[in-house]
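Written out below as structure tokens is the structure these notes cover.
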Amino acid sequence: MASLSVKPGQRFTLPDWQNNSLLISADAEQQRFNSHHIRQEGRALHNETGNQAKWDEHNSRTHLKDRITSVDRWREALARCLADIDLEIDALTKVKEAAENALQAKNLCLDVAIECLTFRESRRDIDVVRDPVEEELLREVKVIEKTKKELQQRVDDAFRQLCLLKEARQQLSSDHRHKVEALELDRQCMSFNPTSGNISFKVNPTRIPPGSTALSEWEQNSHCNKERGEAEIKASVDLRGAIILSIAQTNNELDAQRIATEFALRKRIRDMEAALNELRWQEQNTLEEIAEMEEEIRQLEEDIRKRTLDLKVAHTRLETRTYRPHIELCRDQAQYGLTDEVQQLEGTIRALQQKRTESQDALDALYRQLHRIRTDIGYKTNSLQLDNKCMDTRRKLVIPVEQFEPEVDAVNRTRELPRKSQLEL
């Protein structure tokens, strides 16, 4: 009989075969699960890193904007201080020249007094007496020498103060120049974006450069430079007043009283100019606040309009749902949600309308305040013009009418000094 050939090799049972299929299916399920989990994690990581990168770049840009604003504010303050110190250097130089001219003018007076004394030495016999004329001449010589010494001291003080002003100006100019360069670099950084052609990887970009300073040290340095400049300006203003007073003291008591009155007028003019500057600053700020408040009111009205439209939509939805037939007219979650939306929108609109009313009241108050400020500016401007006219009129006491020319600048802080012809009167 023929026999069946048996293929050599291991034979598996049917349960083994079934288990193998189940194992393959389970492994496939597990692998798909793992792959799906990894894909989800990848998507989450993609979203998280993308959002984080955007926020980090936004924060960096915000910090750069804030830094640019801060540096630019300091740059403007230093520029104003530089302009003031330049004006003060010019004013003090003119005062110094006036003191030198006054000092030179005293030489002629001294020569005349000494010449008179020399002439009187030629007297003979009994006429060689120590009479009141000689005493007055000797007293005049002493007064002139004392005046020259005082004026020379004032000239030396002015020279030293000019050196201090120029030194302070040098520091301010250097600080201002550095801030301009820093602003250019920060603005260049603001212009960088992923599509810029000049971006690249750098070696150790997070290193702290040598010579770096702390923010507090930077602010302290700027404060010190500005305060020193202002202090030197104040000292120079005081010194200019002292020099002018010293020049005035060479005249008689009437001239001294005139100079004292003019100093009071100058102080009043400075105070008036300061008050006008403050009022103009307040006017500018009020105008800016009015503009911002008007924009805020427009935004509130736009919000009220939008919320009103939203309320109309909610009302329409609620009304439309009342036409549902029979059992469909039920109070479902949509009904509750629409009802809550209507209540919320009505409350929102009331709050917006209340805020609009408050904003309009505040705007009206700002306009009233602006009217008060402008009215006060008009009053003070008129007073300043009158005070300056008083200063010009008083100069006629020492200047002939035909040579009188108004020299007072009602806008700038500095004023022209007396001319050489005035000092020789």
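The values are calculated or read from the model by the stated rules, or taken from the named source; none is laboratory data. Computed from a prediction, not measured in an experiment: that's the story for all the values here. Cβ placement follows ideal geometry from the backbone for every residue including glycine, while neighbour counts extend to all protein chains displayed. In case anyone asks, the SASA skips ligands and DNA or RNA and just uses the protein heavy atoms, side chains included. Shrake-Rupley method; radii C 1.70, N 1.55, O 1.52, S 1.80 Å.
For this structure, a couple of remarks:
- Residue selected from segment 191-228 under the condition in contact (Cβ under 8 Å) with a residue 40 or more places away in the chain and farther than 18 Å from residue 67 by Cα, by the criterion least open to solvent (accessible area, probe 1.4 Å): 225
- Boolean, residue 90 is in a helix (DSSP H, G or I), open to solvent by 70 Å² or more (accessible area, probe 1.4 Å) and charged (D, E, K, R): yes
- Any chance residue 113 is more than 30 Å from residue 186 (Cβ to Cβ), at pLDDT below 90, more than 42 Å from the chain's Cα centre (by Cα) and assigned to a helix (DSSP H, G or I): yes
- Candidates are the residues of segment 311-350 that are out of contact with any Ser or Thr (no Cβ under 8 Å at 6 or more places or on another chain), open to solvent by less than 60 Å² (accessible area, probe 1.4 Å) and aliphatic (A, V, I, L, M); the one that is farthest from residue 299 (Cα to Cα) is 334.
- Which numbered condition residue 12 misses (of (1) in a helix (DSSP H, G or I); (2) open to solvent by 70 Å² or more (accessible area, probe 1.4 Å)): (1)
- Residue match in segment 152-172 (condition: farther than 23 Å from residue 84 by Cβ and either in a loop (DSSP other than H, G, I, E, B) or out of contact with any Leu (no Cβ under 8 Å at 6 or more places or on another chain) (or both)): yes
- Residue match in segment 180-190 (condition: in a helix (DSSP H, G or I), basic (Lys, Arg), farther than 24 Å from residue 243 by Cβ and open to solvent by 90 Å² or more (accessible area, probe 1.4 Å)): yes
- Residue pairs meeting the criteria (Cβ under 8 Å; at least 6 apart or on separate chains; first in contact (Cβ under 8 Å) with a residue 24 or more places away in the chain, in segment 272-293; second among the aromatic types (Phe, Trp, Tyr) and open to solvent by 90 Å² or more (accessible area, probe 1.4 Å)): 290/367
- Of the residues making up segment 135-179, those that are over 30 Å from residue 249 (Cβ atoms), open to solvent by 40 Å² or more (accessible area, probe 1.4 Å) and polar (S, T, N, Q) number 2.
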